[in-house]
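**Q** Dropping the structure in here first, questions after.
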Amino acid sequence: MTLNKIKTLKDERGFTIVELLIVIVVIAILAAIVIVAYNGIQNRAKTQSANASATVIQKKIEAYAAANNGNYPTATTNATFTTALNTYTESSIASSGITLGTPTGAAGDEKKIEVSTCSGVGATGYRVRYWDFSASPAAISTNVLTGNTNSVACTWTPLT
(Lines give C-alpha, C1' and ligand atoms only; values in the text may rest on other atoms or scores of the structure.)
Protein backbone atom coordinates (compact mmCIF):
# COMPACT_ATOMS: atom_id res chain seq x y z
CA MET A 1 0.00 0.00 0.00
CA THR A 2 1.13 3.42 -0.79
CA LEU A 3 1.08 6.28 1.65
CA ASN A 4 -1.62 8.11 -0.35
CA LYS A 5 -4.00 5.11 -0.13
CA ILE A 6 -3.56 4.87 3.64
CA LYS A 7 -4.38 8.58 4.04
CA THR A 8 -7.49 8.17 1.86
CA LEU A 9 -8.73 5.20 3.90
CA LYS A 10 -8.16 7.13 7.12
CA ASP A 11 -10.30 10.02 5.90
CA GLU A 12 -13.25 7.75 4.94
CA ARG A 13 -15.23 7.11 8.10
CA GLY A 14 -18.36 5.10 8.71
CA PHE A 15 -20.89 5.51 11.50
CA THR A 16 -19.68 5.18 15.05
CA ILE A 17 -21.25 2.76 17.50
CA VAL A 18 -22.79 5.68 19.42
CA GLU A 19 -24.49 7.03 16.29
CA LEU A 20 -25.87 3.59 15.44
CA LEU A 21 -27.17 3.11 19.01
CA ILE A 22 -28.93 6.50 18.92
CA VAL A 23 -30.70 5.58 15.67
CA ILE A 24 -31.73 2.18 17.08
CA VAL A 25 -33.11 3.79 20.26
CA VAL A 26 -35.12 6.36 18.26
CA ILE A 27 -36.59 3.59 16.08
CA ALA A 28 -37.48 1.54 19.19
CA ILE A 29 -39.25 4.52 20.79
CA LEU A 30 -41.26 5.16 17.62
CA ALA A 31 -42.17 1.45 17.40
CA ALA A 32 -43.36 1.45 21.02
CA ILE A 33 -45.58 4.48 20.38
CA VAL A 34 -47.10 2.82 17.29
CA ILE A 35 -47.78 -0.45 19.15
CA VAL A 36 -49.53 1.34 22.04
CA ALA A 37 -51.64 3.40 19.63
CA TYR A 38 -52.56 0.27 17.63
CA ASN A 39 -53.66 -1.61 20.78
CA GLY A 40 -55.85 1.32 21.83
CA ILE A 41 -57.53 1.45 18.42
CA GLN A 42 -57.99 -2.33 18.42
CA ASN A 43 -59.55 -2.29 21.92
CA ARG A 44 -61.97 0.50 20.96
CA ALA A 45 -63.02 -1.47 17.88
CA LYS A 46 -63.62 -4.60 19.99
CA THR A 47 -65.68 -2.57 22.47
CA GLN A 48 -67.79 -1.10 19.66
CA SER A 49 -68.33 -4.58 18.24
CA ALA A 50 -69.38 -5.90 21.67
CA ASN A 51 -71.73 -2.95 22.13
CA ALA A 52 -73.27 -3.66 18.72
CA SER A 53 -73.75 -7.32 19.68
CA ALA A 54 -75.47 -6.28 22.92
CA THR A 55 -77.73 -3.92 20.99
CA VAL A 56 -78.65 -6.76 18.62
CA ILE A 57 -79.62 -8.96 21.59
CA GLN A 58 -81.69 -6.13 23.10
CA LYS A 59 -83.53 -5.66 19.79
CA LYS A 60 -84.08 -9.41 19.48
CA ILE A 61 -85.61 -9.50 23.00
CA GLU A 62 -87.93 -6.66 22.04
CA ALA A 63 -88.80 -8.42 18.75
CA TYR A 64 -89.63 -11.57 20.73
CA ALA A 65 -91.93 -9.58 23.02
CA ALA A 66 -93.63 -7.95 20.04
CA ALA A 67 -94.19 -11.32 18.35
CA ASN A 68 -95.33 -12.95 21.62
CA ASN A 69 -98.10 -10.50 22.62
CA GLY A 70 -95.82 -8.36 24.80
CA ASN A 71 -94.47 -11.28 26.84
CA TYR A 72 -90.73 -11.60 27.37
CA PRO A 73 -88.95 -14.98 27.45
CA THR A 74 -89.17 -16.68 30.86
CA ALA A 75 -85.98 -18.69 30.50
CA THR A 76 -83.49 -19.02 33.34
CA THR A 77 -80.53 -20.39 31.38
CA ASN A 78 -78.64 -19.13 28.35
CA ALA A 79 -79.57 -22.26 26.38
CA THR A 80 -83.32 -22.00 27.02
CA PHE A 81 -83.21 -18.24 26.44
CA THR A 82 -81.51 -18.76 23.06
CA THR A 83 -84.06 -21.45 22.18
CA ALA A 84 -86.91 -19.10 23.12
CA LEU A 85 -85.52 -16.28 20.94
CA ASN A 86 -85.04 -18.68 18.05
CA THR A 87 -88.74 -19.66 18.04
CA TYR A 88 -89.62 -16.52 16.04
CA THR A 89 -87.86 -15.54 12.83
CA GLU A 90 -87.64 -11.85 13.78
CA SER A 91 -86.01 -12.59 17.16
CA SER A 92 -83.73 -15.45 16.10
CA ILE A 93 -80.04 -15.15 16.95
CA ALA A 94 -79.11 -18.49 15.37
CA SER A 95 -77.06 -17.03 12.49
CA SER A 96 -75.71 -13.93 14.27
CA GLY A 97 -72.62 -15.56 15.78
CA ILE A 98 -73.53 -14.06 19.16
CA THR A 99 -73.35 -16.34 22.19
CA LEU A 100 -74.84 -15.78 25.60
CA GLY A 101 -72.62 -16.09 28.66
CA THR A 102 -70.43 -14.03 30.94
CA PRO A 103 -67.75 -12.15 28.98
CA THR A 104 -64.29 -12.15 30.55
CA GLY A 105 -62.27 -10.15 28.04
CA ALA A 106 -60.87 -13.22 26.31
CA ALA A 107 -60.41 -13.41 22.56
CA GLY A 108 -63.78 -13.51 20.83
CA ASP A 109 -65.66 -11.94 23.75
CA GLU A 110 -66.90 -9.13 21.52
CA LYS A 111 -69.59 -11.65 20.46
CA LYS A 112 -70.31 -12.91 24.02
CA ILE A 113 -73.16 -11.13 25.78
CA GLU A 114 -74.44 -11.46 29.35
CA VAL A 115 -78.20 -11.34 29.84
CA SER A 116 -79.65 -10.91 33.35
CA THR A 117 -83.28 -11.19 34.37
CA CYS A 118 -85.00 -8.63 36.54
CA SER A 119 -87.16 -9.87 39.35
CA GLY A 120 -88.94 -7.64 41.82
CA VAL A 121 -92.27 -6.10 42.67
CA GLY A 122 -93.79 -4.74 39.46
CA ALA A 123 -90.54 -5.13 37.55
CA THR A 124 -89.84 -7.51 34.68
CA GLY A 125 -87.30 -7.43 31.91
CA TYR A 126 -83.67 -7.95 31.05
CA ARG A 127 -80.31 -6.25 31.38
CA VAL A 128 -77.87 -6.79 28.52
CA ARG A 129 -74.15 -6.39 29.23
CA TYR A 130 -70.92 -6.69 27.23
CA TRP A 131 -67.15 -6.52 27.82
CA ASP A 132 -65.62 -3.05 27.57
CA PHE A 133 -62.13 -3.69 26.19
CA SER A 134 -61.10 -0.03 26.24
CA ALA A 135 -62.00 0.73 29.88
CA SER A 136 -59.27 1.03 32.44
CA PRO A 137 -59.46 -1.30 34.24
CA ALA A 138 -61.36 -3.40 31.69
CA ALA A 139 -64.74 -4.62 32.92
CA ILE A 140 -68.27 -5.59 31.96
CA SER A 141 -70.35 -2.63 30.84
CA THR A 142 -74.14 -2.38 30.93
CA ASN A 143 -75.66 -1.68 27.56
CA VAL A 144 -79.42 -1.51 27.76
CA LEU A 145 -82.40 -2.43 29.87
CA THR A 146 -85.51 -3.90 28.32
CA GLY A 147 -89.01 -4.26 29.69
CA ASN A 148 -90.35 -2.69 32.87
CA THR A 149 -87.06 -2.48 34.75
CA ASN A 150 -87.25 -0.12 37.68
CA SER A 151 -83.65 -0.30 38.85
CA VAL A 152 -84.66 0.16 42.49
CA ALA A 153 -87.10 -2.75 42.41
CA CYS A 154 -84.92 -5.10 40.33
CA THR A 155 -82.85 -7.94 41.60
CA TRP A 156 -80.59 -8.89 38.69
CA THR A 157 -79.89 -12.58 38.10
CA PRO A 158 -77.56 -13.46 35.23
CA LEU A 159 -78.65 -16.37 33.04
CA THR A 160 -76.36 -19.36 33.51
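The values are calculated or read from the model by the stated rules, or taken from the named source; none is laboratory data. Everything numeric here is computed off the predicted structure, so don't read it as measured data. Here the Cβ positions follow ideal geometry from the backbone for every residue, glycine too, while neighbour counts run over all protein chains shown.
**Q** Scan the range 55-72 and give yes if some residue there is among the acidic types (Asp, Glu), modelled with pLDDT of 85 or more and loosely packed, with under 13 Cβ neighbours inside 10 Å, otherwise no. Write out each step before concluding.
**A** Restricting attention to the range 55-72, the residues satisfying the condition of being among the acidic types (Asp, Glu) are 62.
Retained after the next criterion (residues that are modelled with pLDDT of 85 or more): 62.
Still in the running and loosely packed, with under 13 Cβ neighbours inside 10 Å: none.
No, every residue in the range 55-72 fails to be among the acidic types (Asp, Glu), modelled with pLDDT of 85 or more and loosely packed, with under 13 Cβ neighbours inside 10 Å.
**Q** For the range 72-92, name all the residues that are over 15 Å from Glu114 (Cα atoms), within 23 Å of the chain's Cα centre (by Cα) and part of a loop (DSSP other than H, G, I, E, B).
**A** Across the range 72-92, the qualifying residue is only Ser92.
**Q** I need the full set of residues from the range 15-44 which are outside any helix (DSSP H, G or I) and either surrounded by 13 or more Cβ atoms within 10 Å (Cβ to Cβ) or among the hydrophobic types (A, V, I, L, M, F, W, C) (or both), in order please.
**A** Selection gives Phe15 alone.
**Q** In this structure, does Thr47 turn out to be of a type outside the set (A, V, I, L, M, F, W, C), surrounded by 11 or more Cβ atoms within 10 Å (Cβ to Cβ) and either modelled with pLDDT under 90 or outside any helix (DSSP H, G or I) (or both)?
**A** Details: of a type outside the set (A, V, I, L, M, F, W, C): yes; surrounded by 11 or more Cβ atoms within 10 Å (Cβ to Cβ): yes; either modelled with pLDDT under 90 or outside any helix (DSSP H, G or I) (or both): no.
It is false that Thr47 is of a type outside the set (A, V, I, L, M, F, W, C), surrounded by 11 or more Cβ atoms within 10 Å (Cβ to Cβ) and either modelled with pLDDT under 90 or outside any helix (DSSP H, G or I) (or both).
**Q** Same structure again: Could you tell me which residue of the range 102-140 is surrounded by the most Cβ atoms within 10 Å (Cβ to Cβ), considering only residues that are outside any strand (DSSP E or B) and at positive phi? Even if it seems obvious, please write down each step before you answer.
**A** Just the residues of the range 102-140 that are outside any strand (DSSP E or B), to begin with: 102-111, 121-122, 133-138.
So of that shortlist, the ones also at positive phi come out as 105, 108, 122.
Numbers: Gly105: 18, Gly108: 10, Gly122: 7.
This residue is Gly105.
**Q** Next question, about the same structure. Check the range 75-96 and report whether any residue there is modelled with pLDDT under 90, touching a strand residue (DSSP E or B) at 6+ places or on another chain (Cβ under 9 Å) and of a type outside the set (S, T, N, Q).
**A** yes
**Q** Also: Do you know which residues across the range 50-71 are farther than 20 Å from Ile98 by Cβ and either assigned to a helix (DSSP H, G or I) or small (Gly, Ala, Ser) (or both)?
**A** Gly70
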